[in-house]
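What follows is a short report on a single structure.
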Ligand SMILES: Cc1cc2nc3c(=O)[nH]c(=O)nc-3n(C[C@H](O)[C@H](O)[C@H](O)COP(=O)(O)OP(=O)(O)OC[C@H]3O[C@@H](n4cnc5c(N)ncnc54)[C@H](O)[C@@H]3O)c2cc1C
């Protein structure tokens, strides 16, 4: 296929906006239309559960570019417009209001929507989810000193919001079904540490319980949640933070294959779908980096940026940008946590530093080793150290665990000598 004369990007979120920007940065002179169902210009979501929620949400929070940017770069932004169908035969994106947008190439960057709790009716004013700026505005407006907030789901997002709400004086209960906090992404020792820190900060964290019943409006304006352990929680406000459902309906109703395991639109290493005129990127895309590899769907800021840039390069038939080593950050309980790589069964974890859970500015670094090679790193308020270690991950260089654990061992020379030894 020649470089497309017109590109319609469905989803004016992070991946979509990064793709549009990258196309122009790479000199693309064709027509770019960015269609989004939200009323807002493209924005990044991470602040929504962090500082933005704490300070009272500003409508410009996380905004990627001002309106003038899109005008200056001739990117047509169609906001508040739902794409209801992808007509692959005609090569048109059909909007819910009947408009049809012809394309030579289409990029699906539709992200995902917050998973709901079927027990709780969707439209109750005191039941929240947290995916969009409007969601954050509604939750932020409901937080005040003394408000009883129940957070269903103790994952990254639920815990971030729980902490932010508690900083605003809310009395927060976190309900988590798993036996540990962030147990799938942290080594057990840090998971336990985080739980102690949460409790020391006054969060009421309930593990291994689920919500099995709800009586909306049973209290003055609130909800009574019945828990699987027999307890009940009275809440003025409820935040349901139980994950994301990828928005794949456009793709699936147009006959594009989805990944059975990870529920995203199947794409290759260049973010191409099975249709040579359609790409997909970001939270909605399940990517096979190698032809026979298992598809991976990643919900992260880094992945949205990377996919946006990869899709743009592929649309222009340019060389694929390098995919960076997986990195994620989150702000938890007053700590910046950065993660390199992924937790896997059977890793040997080495800690560097010690910190009490209630310390004001704790600093910890844990590295998960497979046969001496770091594959999973977690830094608590030590992101700079993790950056220094990054080449060891990228180049699969084995380390001396004993030396690493010694706080007197200077990291930069340590990394240099490990790299030299493994070369
Ligand atoms: C509160 C919150 C905090 C987060 N914090 C972090 C963090 O600390 N670190 C981190 O790495 N990641 C974080 N993330 C994850 C990160 O923000 C996402 O992975 C990223 O936003 C994904 O970008 P995307 O473009 O794929 O999807 P989105 O940003 O969701 O954009 C998709 C857009 O497409 C629109 N859309 C969908 N369907 C249609 C349609 N049919 N027609 C028109 N428009 C449509 C959606 O409404 C949305 O605006 C956080 C996410 C949230 C919600």
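The values are calculated or read from the model by the stated rules, or taken from the named source; none is laboratory data. Just so it is clear, the model here is predicted, and its values are computed rather than measured. Backbone-built Cβ (ideal geometry, glycine too); neighbour counts: all protein chains shown.
Considering only the stretch 280-300, I want to know if a residue exists there that is under 19 Å from the mean Cα position of the chain (by Cα) and over 28 Å from residue 263 (Cα atoms).
no
Report the residue count in the stretch 85-96 for those that are within 22 Å of residue 17 (Cβ to Cβ) and loosely packed, with under 15 Cβ neighbours inside 10 Å.
1
Which condition from (1) within 16 Å of the ligand (Cβ to nearest atom); (2) in contact (Cβ under 8 Å) with a residue 60 or more places away in the chain; (3) on the phi < 0 side of the Ramachandran plot is the one that residue 97 breaks?
(2)
From 313, 379, 398, which residue is more than 26 Å from residue 42 (Cα to Cα) and surrounded by fewer than 21 Cβ atoms within 10 Å (Cβ to Cβ)? Give the steps one after another, and end with the answer.
Details: 313 fails: more than 26 Å from residue 42 (Cα to Cα); 379 fails: surrounded by fewer than 21 Cβ atoms within 10 Å (Cβ to Cβ).
One residue alone meets the criteria, 398.
Condition check: more than 26 Å from residue 162 (Cα to Cα), more than 20 Å from the chain's Cα centre (by Cα), within 8 Å of the ligand (Cβ to nearest atom) and at pLDDT 95 or above. Does residue 31 satisfy that? Can you show your working first?
Details: more than 26 Å from residue 162 (Cα to Cα): yes; more than 20 Å from the chain's Cα centre (by Cα): yes; within 8 Å of the ligand (Cβ to nearest atom): no; at pLDDT 95 or above: yes.
When the stated conditions are applied, residue 31 does not pass them.
Of (1) touching a strand residue (DSSP E or B) at 6+ places or on another chain (Cβ under 9 Å); (2) at pLDDT 95 or above; (3) over 30 Å from residue 10 (Cα atoms), residue 344 satisfies all except one. Which?
Checking residue 344 against (1) touching a strand residue (DSSP E or B) at 6+ places or on another chain (Cβ under 9 Å); (2) at pLDDT 95 or above; (3) over 30 Å from residue 10 (Cα atoms), the one that fails is (2).
Exactly one condition in (1) surrounded by 18 or more Cβ atoms within 10 Å (Cβ to Cβ); (2) touching a strand residue (DSSP E or B) at 6+ places or on another chain (Cβ under 6 Å); (3) touching a residue at least 40 places away in the same chain (Cβ under 8 Å) is false for residue 259; which is it?
(3)
When you check residue 157 against the structure, is it within 16 Å of the ligand (Cβ to nearest atom), at pLDDT 95 or above and buried (at least 19 other Cβ atoms within 10 Å of the Cβ), yes or no? Outline the logic, then answer.
On the way: within 16 Å of the ligand (Cβ to nearest atom): yes; at pLDDT 95 or above: yes; buried (at least 19 other Cβ atoms within 10 Å of the Cβ): yes.
Yes.
I'm told residue 192 meets every condition in (1) within 12 Å of the ligand (Cβ to nearest atom); (2) over 15 Å from residue 241 (Cα atoms); (3) not in a loop (DSSP other than H, G, I, E, B) except one. Can you identify the failing condition by its number?
(1)
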